[in-house]
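Below is one structure, written out as C-alpha cells, with a few remarks after it.
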C-alpha cells in the first residue's frame with residue numbers, strides 16, 4: 001500500500017495515549033468530536049506503565065521499611081523478613097493493569113477509537129500508522145494532536161547498554177537487589193530510585209554532576225534532599241564525573257528526557273522539527289489544525305501538566321473558549337522527607353527585583369511531628385513584600401506531596417500571607433505548618449520565636 005491508497009477519515013487524530021493524549025481524547029469526545037487515538041505501545045504512556053505509578057509504588061514499598069524502623073523506636077515491634085521483590089512486582093503489575101483497563105474502559109465508553117501502532121506523517125493532513133510488521137493504515141484528519149511524550153537521554157561516554165547501564169524505567173523491573181548500584185544524575189527521578197533501593201537494603205551510590213541535588217528546586221529543599229538521602233544510607237557524591245565504573249554491578253543514568261519526535265516525519269506535514277520541545281500558543285497550537293501537548297512542549301515534564309493541557313486542547317477542539325492559564329505547576333518528590341514545590345524559589349523571587357518576605361516554619365515545632373518519631377522538615381513560603389500574594393511554596397516533610405495542592409490553589413487565587421495566616425487549620429496536623437509559616441512571614445509567629453527585629 002502506498003500513500004495514495006485508501007485511507008480512513010479521522011475527525012480528530014491524537015498521536016500518543018499518555019496522560020495528555022488520553023485526556024485530550026476523552027474531553028474532545030465528550031464535546032462531540034469523533035476521535036481516533038493512536039498509541040505505539042500501551043495506553044497510559046510512560047507515566048502509568050513505567051514512570052509515575054510504578055516508581056511511586058516502589059518508593060512506597062521501600063518507605064514501609066523506614067516506617068517500621070521509626071515505629072520500633074516508639075515501641076512497635078519490627079516486622080521480620082527481607083523484602084520480596086518478586087511478590088512486589090506481581091502486585092505492581094496487577095495494579096497497573098487495573099489502571100490501564102480503567103482508562104481503556106473510559107475511552108471505549110466515550111466512543112474513542114484506539115489504534116495500536118506507530119504513526120508518522122505522510123502529508124499535511126494524512127498519517128500512516130504501522131499496525132504490524134507488514135501492515136499499515138492511513139488516516140486523513142481534520143485536526144491532529146501530537147502527544148508522543150519523551151524519551152530518556154543518554155550521557156556521552158555512558159550509553160545505555162544491555163541490562164547493566166539502564167534507564168530509570170528499566171530499573172523499576174528488577175526482581176532482585178543489585179549487589180552495588182550507581183545512580184548518575186541530580187534530578188528527582190534518580191533520587192527517588194536511589195533512596196528506594198537503598199532502603200530495600202542495596203548498596204547505592206549517587207554520582208551528582210554539580211554541587212547540589214535537585215538544582216532547579218529551592219536551595220533549602222536541595223539541602224534537605226541531601227540530608228534525607230544520606231540518612232537513607234545513599235552514598236551521595238557531589239561534583240562527580242559521570243563515568244562508567246566497573247566496580248558497580250548496575251548503573252542507572254537519570255540525565256533527563258527529550259521530546260520523542262524522530263519517528264513522526266514532521267517535514268511531511270510541513271512542520272519544522274524543533275531543536276528541543278515545541279513552543280505552542282495558549283490553545284496549544286503549532287499550526288491551524290496541528291496541536292501539541294505534554295512533554296513535546298516547552299515547560300516542566302510533568303504528567304499533571306500534560307493532563308491539564310489535554311483538557312484545554314480537548315475544549316478547544318470541541319469549540320469551547322479555552323487556553324492554558326495556569327500560574328504554577330506543583331512538583332512532588334517521593335523520598336524521605338517528602339519534598340514538594342510550587343511557584344518561584346526564594347532566589348528567583350529575589351532576582352525578579354521585587355520586595356519579598358519569607359516565612360519558614362520547622363516541622364519539629366508541630367505537635368503532630370513530635371508524636372511521629374523521626375519527623376523533620378519545614379514549610380517555607382515566599383510572598384511579595386508589603387502584604388502581597390504568595391509567590392512560591394517549598395515543603396519538606398510528611399504529606400508534603402499532598403499539602404502542596406493547597407499552596408498551588410493559594411497561588412492561583414492570589415492568596416496573601418494574611419489570608420493563609422487567618423485560615424484555621426486542624427490540630428494536630430502537618431498542614432498547620434502552612435498557617436504557621438505565613439505567620440512567620442508577617443512577623444507574628446506563636447509557636448516559634450519571632451524573627452529578629454519584628455515588632456508585630
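General remarks:
Results for (1) touching a strand residue (DSSP E or B) at 6+ places or on another chain (Cβ under 6 Å); (2) in a helix (DSSP H, G or I); (3) at pLDDT below 95; (4) outside the structural domain of residue 337 (by TED's automatic domain parsing), shown as yes or no for each residue.
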{"position": "36", "(1), (2), (3), (4)": "yes, no, no, yes"}
{"position": "54", "(1), (2), (3), (4)": "no, yes, yes, yes"}
{"position": "103", "(1), (2), (3), (4)": "no, yes, no, yes"}
{"position": "139", "(1), (2), (3), (4)": "yes, no, no, yes"}
{"position": "143", "(1), (2), (3), (4)": "yes, no, no, yes"}
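- Test result for residue 133, in the same structural domain as residue 273 (by TED's automatic domain parsing) and at pLDDT below 90: yes
- Test for residue 324: is it in contact with a helix residue (DSSP H, G or I) (Cβ under 8 Å, 6 or more places away or on another chain), more than 30 Å from residue 230 (Cα to Cα), assigned to a helix (DSSP H, G or I) and in contact (Cβ under 8 Å) with a residue 12 or more places away in the chain: no
- With respect to the conditions (1) more than 24 Å from residue 348 (Cα to Cα); (2) surrounded by fewer than 17 Cβ atoms within 10 Å (Cβ to Cβ); (3) in contact with a helix residue (DSSP H, G or I) (Cβ under 9 Å, 6 or more places away or on another chain), residue 449 lacks only one, and its number is (3).
- Filter result (more than 20 Å from residue 409 (Cβ to Cβ) and in contact with a helix residue (DSSP H, G or I) (Cβ under 8 Å, 6 or more places away or on another chain)) within segment 309-320: 310, 313, 314, 315, 317, 318
- Of 212, 233, all but one fail to be on the phi > 0 side of the Ramachandran plot, assigned to a loop (DSSP other than H, G, I, E, B) and surrounded by fewer than 21 Cβ atoms within 10 Å (Cβ to Cβ); the exception is 233.
- When residues in segment 152-165 are screened for being within 19 Å of residue 241 (Cα to Cα) and either more than 20 Å from the chain's Cα centre (by Cα) or without any contact (Cβ under 8 Å) to a residue 60 or more places away in the chain (or both), 9 of them pass.
- Within segment 408-427, restricting attention to residues that are in contact with a helix residue (DSSP H, G or I) (Cβ under 7 Å, 6 or more places away or on another chain) and surrounded by 19 or more Cβ atoms within 10 Å (Cβ to Cβ), the residue that is farthest from residue 331 (Cα to Cα) is 421.
- Residue check, residue 255 touching a residue at least 60 places away in the same chain (Cβ under 8 Å), surrounded by 20 or more Cβ atoms within 10 Å (Cβ to Cβ) and more than 30 Å from residue 229 (Cβ to Cβ): no
- Residue within segment 337-347 that is surrounded by fewer than 19 Cβ atoms within 10 Å (Cβ to Cβ) and under 30 Å from residue 444 (Cα atoms) present: yes
- Any hit, segment 84-96, residues being outside any helix (DSSP H, G or I), modelled with pLDDT under 90 and closer than 20 Å to residue 195 by Cα: yes
- Scanning segment 299-315 for residues that are more than 13 Å from residue 19 (Cβ to Cβ), surrounded by fewer than 20 Cβ atoms within 10 Å (Cβ to Cβ) and at pLDDT 95 or above yields a single hit, 315.
- Across segment 203-226, the qualifying residues are those that are over 19 Å from residue 168 (Cβ atoms) and without any contact (Cβ under 8 Å) to a residue 60 or more places away in the chain, and the one among them that is nearest to the chain's Cα centre (by Cα) is 222.
- Single residue of segment 363-394 satisfying the filter (part of a strand (DSSP E or B) and touching a residue at least 60 places away in the same chain (Cβ under 8 Å)) that is nearest to residue 447 (Cα to Cα): 378
The values are calculated or read from the model by the stated rules, or taken from the named source; none is laboratory data. Given the structure is predicted, the values throughout are model-derived calculations rather than measurements. Glycine gets a Cβ as well: all are built from the backbone with ideal geometry, and neighbour counts include every protein chain shown.
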